[in-house]
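S.K.: Next up is a structure, given as structure tokens.
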């Protein structure tokens, strides 16, 4: 189970490179596979489309049970909204003899933060707005709790083509507790060659172009813009 | 500003290796510097001890202002409880002509999660129990909010030699909302060759050996132990 980082080859770890290099089979979501053709070489590949997670993980486990070393790749960190949990669960249920090792990677929150400056220097929350697997009411409750507690919040999966209103509601929830001038930002394709960074505020964030490839970061009123970069001051007297 | 990952050389990214390789000067906390002697080679080094963050960052900026390419290294991700924010702030205040690039890394939460299984598959919060730079009352409020909202929580800096009671209070706060059987874990030296993993529960977590090099993860009641590994089920029907 290999996290290949946010996109650009430079953000891959040595362990991810070694894992793929040592594999006979590489399995992944088709669009991620296209980003690692340089690593795949002549290895056997299995790729499937969106929402085919179970089929993909099962195919990887089947290949491993047949005696192959298999890399099942996730973008970012396989353990953060990736396939690591499903691999462990499905492995235990159907392929108990297959050993599973998790190789951590640079998650999109880290890449987005680096592109913006340093918005995650203090405590933060990471919340996905996708309600495919978690009821929206529970996501709303979490948003309300972290907004009220003043936590900087990283929103994964802020929007898709079919899912528009969740981000509108999330911004409304933060607006109950934070001013419209609170710095907020969108990073699309964080950590890849197509990265786009847009620094705005809570009152204007919904005017930006936000897609399923974006990360949204809503800071708190302690955040500052320093030389065009977003920083949560850590309390050192500078 | 280079995040060198959680400790083991295998978790370094290509970008971190390239940044140090392209530098004339490497600056960092003395114990991190010892973990990258293989990368430093004959480069000039400046290392300082704990709590000398401002001196360290200023030394790096001075060297850069004098025309050197400098790597200021942080363990994990430089943008998560690292030096990235201070570098941007101090740079703007004292060395406005120095360009600062942030190279993200694998943060300790990702490494700890990978060692345990997949506890961060769903939303989570990251909170430091160090009250050196944030008032303890504010940290308590955040802990209460995320505990109440059912978020899996990663605690950085859970204890130091002088700071013992904060973790006791944090566990007490989670105990208001979650049962003593809620899975909880300690990973010490996550992602390094000395990594130690201990899976327990909220009722017994304080009996474990927890140091300033530990990460504590408190899950929610949805967490499961699968084949000895900690997993937050993501809601796929397996």
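The values are calculated or read from the model by the stated rules, or taken from the named source; none is laboratory data. These figures come from a predicted structure and were not determined experimentally. Neighbour counts run over all protein chains shown; Cβ positions are idealised from the backbone, glycine included.
S.K.: Specify which of the listed residues (A:104, A:96) is facing chain B (nearest Cβ under 8 Å) and closer than 22 Å to residue A:35 by Cα.
M.R.: Of the residues listed, the single one that is facing chain B (nearest Cβ under 8 Å) and closer than 22 Å to residue A:35 by Cα is A:104.
S.K.: From A:122, A:116, which residue is within 8 Å of chain B (Cβ to nearest Cβ) and either more than 21 Å from the chain's Cα centre (by Cα) or surrounded by 24 or more Cβ atoms within 10 Å (Cβ to Cβ) (or both)?
M.R.: One residue alone meets the criteria, A:122.
S.K.: Looking at (1) under 18 Å from the mean Cα position of the chain (by Cα); (2) buried (at least 23 other Cβ atoms within 10 Å of the Cβ), which is the one condition that is false for residue A:134?
M.R.: (2)
S.K.: Within 30 Å of residue A:78 (Cα to Cα) and more than 13 Å from chain A (Cβ to nearest Cβ), is that true of residue B:174?
M.R.: yes
S.K.: To continue, here is another question. Pick out the one residue from B:139, B:218 that is facing chain A (nearest Cβ under 9 Å) and crowded, with 17+ Cβ neighbours inside 10 Å.
M.R.: B:139
S.K.: For region B:1-63, list the helices (runs of 4 or more DSSP H) that sit wholly inside it and hold at least 1 residues that are closer than 22 Å to residue A:8 by Cβ; which are they?
M.R.: Ranges flagged: B:14-21, B:37-40.
S.K.: Further question: Which of the residues that make up region B:1-32 are closer than 22 Å to residue B:59 by Cβ, more than 10 Å from every other protein chain (Cβ to nearest Cβ) and buried (at least 19 other Cβ atoms within 10 Å of the Cβ)?
M.R.: Residues satisfying the conditions are B:2, B:4, B:20, B:23, B:25, B:26, B:27, B:28, B:29.
S.K.: Within the group A:144, A:131, A:168, which residue is more than 7 Å from chain B (Cβ to nearest Cβ), touching a helix residue (DSSP H, G or I) at 6+ places or on another chain (Cβ under 7 Å) and modelled with pLDDT under 95?
M.R.: It is A:131.
S.K.: Sort out for me the strands (runs of 3 or more DSSP E) sitting completely within region A:152-202 that have 3 or more residues that are touching a residue at least 24 places away in the same chain (Cβ under 8 Å), in contact with a strand residue (DSSP E or B) (Cβ under 8 Å, 6 or more places away or on another chain) and crowded, with 20+ Cβ neighbours inside 10 Å.
M.R.: Because the criterion is at least 3 residues that are touching a residue at least 24 places away in the same chain (Cβ under 8 Å), in contact with a strand residue (DSSP E or B) (Cβ under 8 Å, 6 or more places away or on another chain) and crowded, with 20+ Cβ neighbours inside 10 Å, the strands (runs of 3 or more DSSP E) in region A:152-202 that meet it are A:152-156, A:183-188.
S.K.: Filter region B:54-67 down to residues that are surrounded by 18 or more Cβ atoms within 10 Å (Cβ to Cβ) and under 30 Å from residue B:125 (Cα atoms) and give me whichever is nearest to the other protein chains (Cβ to nearest Cβ).
M.R.: B:57
S.K.: Ok, one more. Would you check if residue B:106 is more than 19 Å from the chain's Cα centre (by Cα) and either part of a loop (DSSP other than H, G, I, E, B) or without any contact (Cβ under 8 Å) to a residue 24 or more places away in the chain (or both)?
M.R.: Taking the combined requirement at face value, the residue does not satisfy it.
S.K.: Sticking with this structure for a sec: Which condition number in (1) free of Cβ contacts under 8 Å to residues at least 24 places away in the same chain; (2) out of contact with any strand residue (DSSP E or B) (no Cβ under 6 Å at 6 or more places or on another chain); (3) more than 12 Å from chain B (Cβ to nearest Cβ) is the one that residue A:46 fails?
M.R.: The number of the failed condition is (2).
S.K.: Can you tell me which residues in region A:68-89 are over 14 Å from residue B:228 (Cα atoms), facing chain B (nearest Cβ under 7 Å) and not in a loop (DSSP other than H, G, I, E, B)?
M.R.: A:84, A:86
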